[in-house]
Ligand SMILES: Cc1cc2nc3c(=O)[nH]c(=O)nc-3n(C[C@H](O)[C@H](O)[C@H](O)COP(=O)(O)OP(=O)(O)OC[C@H]3O[C@@H](n4cnc5c(N)ncnc54)[C@H](O)[C@@H]3O)c2cc1C
């Protein structure tokens, strides 16, 4: 039953939640409140009146019903990795689901059932006990649900596609507080929209994934001085179109310890790495940490590079190609980055990602051979302006080479409605809006890259 609140004060909000919720209810005067707001990014744009640390699905329903009936903002915190800071509402309720982090594996059926606060570390550890995996993020502290609902680019993408391509079912608490199961048969339109539409349609309280056998991988870093970018990318280009599905990689333009560099992160599922490592090692990298290792270790070797508590501004675009002009543009902007911690990451997309038709899921970038993630990262609030401007300039400079579409999880907090529409493409966006109108007509779930109801 909905809890009716007219003009809701924080006290009334607390009264509606405290003692009713199984989880902890935190207000700004609580010593644990600030801790709950410590997330990947420190670039937060508001503070919630209340944090509800959900201890059950009933707590999720309670938060949804309470905020919906009071007309208050509601934000969802899964792994807390949104660079746009979407996990934190300005006023209203921040629903922190990080304690709901169990992953149950049904090895006989090759299925994993993930709770909303599970991270990829939780997920990979649970599934690897059975020698199984599905496409997940490349840093172990990223949330399974936030990453998946936006699309999900990971090491298994060449073989198995995006994370959404292995999603087979989702239990979702809708804006009216009802719990539904969405799959190809039940609520098929909702299921389609969840696969790329982000947190726009409800709270996913259980995600079920198909799993595949995976044991070992070959990964690590190759590195060269930035001046060699053209030669290095030239070597990659010669093999890129023929790479087998089990090999993917990213090119990273950044300045580790202040030294402008181009890095490559090969991610080879299994041990046959020669098609990529042969030609890349032949160029004589000055850094080479690439080794064969367990899948779990390979999925967390980048964790030390993803420290929490810095300031961020993200931006993104796709690319049709990475010719010399594109690489010169990226190298020039990388060398001119106001912060040495910032990076321009080019993700190679091929294999299973691009074999699915563009409209099979809501994701709007699967046709692109390359995806660019611009991560501006710095420490001092006084430098917000210059770092944000830099990330915008990188994308503007690359726009003439765009393949169209974009990955919504990498868009900035202030992406325009046009940016979001273009990210999905015209027909996917129109369909998403129809689904939104049906499942969240009052736009309760708006603290995200928002898809407005019609
Ligand atoms: C260090 C780092 C590494 C990354 N690596 C990758 C990568 O390898 N591949 C990739 O594709 N992306 C990657 N990302 C981007 C990532 O996909 C997004 O940041 C994503 O939003 C993280 O999800 P989260 O649950 O951790 O985020 P949160 O900040 O907890 O949530 C962000 C938003 O996701 C939505 N959401 C979260 N949980 C739910 C839920 N249960 N139901 C409904 N909506 C929900 C909500 O709108 C929420 O506000 C990375 C990000 C970081 C910071």
Pairs needed: first member in the stretch 28-39, closer than 12 Å to residue 309 by Cβ and more than 16 Å from the ligand (Cβ to nearest atom); second member anywhere, part of a loop (DSSP other than H, G, I, E, B) and at pLDDT 95 or above; C-beta distance under 8 Å; at least 6 residues apart or different chains.
none
Can you tell me how many residues within the stretch 399-416 are more than 16 Å from the ligand (Cβ to nearest atom) and out of contact with any helix residue (DSSP H, G or I) (no Cβ under 7 Å at 6 or more places or on another chain)?
6
Yes/no for residue 140 being within 17 Å of the chain's Cα centre (by Cα), crowded, with 24+ Cβ neighbours inside 10 Å and at pLDDT 95 or above
no
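Just to check your reading of the model, which residue among 390, 378 is more than 16 Å from the ligand (Cβ to nearest atom) and in contact with a strand residue (DSSP E or B) (Cβ under 8 Å, 6 or more places away or on another chain)?
Among 390, 378, only 390 is more than 16 Å from the ligand (Cβ to nearest atom) and in contact with a strand residue (DSSP E or B) (Cβ under 8 Å, 6 or more places away or on another chain).
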Within the stretch 82-139, the count of residues that are assigned to a loop (DSSP other than H, G, I, E, B) and within 28 Å of residue 72 (Cβ to Cβ) comes to 20
Are there any pairs with C-beta distances below 7 angstrom linking a residue in the stretch 86-114 that is on the phi > 0 side of the Ramachandran plot to a residue that is in a strand (DSSP E or B), with the two at least 6 apart or on different chains, and if so which?
92/74; 110/132; 110/210
Please work out which one of (1) free of Cβ contacts under 8 Å to residues at least 60 places away in the same chain; (2) buried (at least 17 other Cβ atoms within 10 Å of the Cβ); (3) within 16 Å of the ligand (Cβ to nearest atom) is the condition residue 422 fails and give its number.
(3)
Tell me the residue from 378, 314 that is closer than 24 Å to residue 121 by Cα and touching a helix residue (DSSP H, G or I) at 6+ places or on another chain (Cβ under 6 Å), please.
314
Would you confirm, using the coordinates I've provided, whether residue 435 is more than 15 Å from residue 316 (Cα to Cα) and either surrounded by 20 or more Cβ atoms within 10 Å (Cβ to Cβ) or within 15 Å of the ligand (Cβ to nearest atom) (or both)?
yes
Would the stretch 281-292 turn up any residue that is buried (at least 20 other Cβ atoms within 10 Å of the Cβ) and not in a loop (DSSP other than H, G, I, E, B)?
no
Test: residue 51 is closer than 30 Å to residue 382 by Cα, outside the structural domain of residue 138 (by TED's automatic domain parsing) and not in a loop (DSSP other than H, G, I, E, B):
yes
Tally up the residues in the stretch 196-221 that are part of a strand (DSSP E or B) and either under 25 Å from residue 357 (Cβ atoms) or at pLDDT below 95 (or both), please.
6
Might you let me know whether the stretch 136-145 holds any residue that is more than 15 Å from the ligand (Cβ to nearest atom) and touching a helix residue (DSSP H, G or I) at 6+ places or on another chain (Cβ under 9 Å)?
no
Quick check, is residue 413 in contact (Cβ under 8 Å) with a residue 60 or more places away in the chain, closer than 25 Å to residue 451 by Cα and buried (at least 21 other Cβ atoms within 10 Å of the Cβ)?
no
Residues within the stretch 342-359 that are in a loop (DSSP other than H, G, I, E, B), surrounded by fewer than 21 Cβ atoms within 10 Å (Cβ to Cβ) and touching a residue at least 60 places away in the same chain (Cβ under 8 Å), tallied:
5
Selected residue [touching a helix residue (DSSP H, G or I) at 6+ places or on another chain (Cβ under 8 Å), over 27 Å from residue 373 (Cβ atoms), within 14 Å of the ligand (Cβ to nearest atom) and part of a loop (DSSP other than H, G, I, E, B)] from 175, 155
175
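The values are calculated or read from the model by the stated rules, or taken from the named source; none is laboratory data. Only a predicted model underlies this, so the values are computations on that prediction, with no experimental measurement involved. Every residue, glycine as well, gets a Cβ built from its backbone with ideal geometry; the counts of neighbours run over all protein chains shown.
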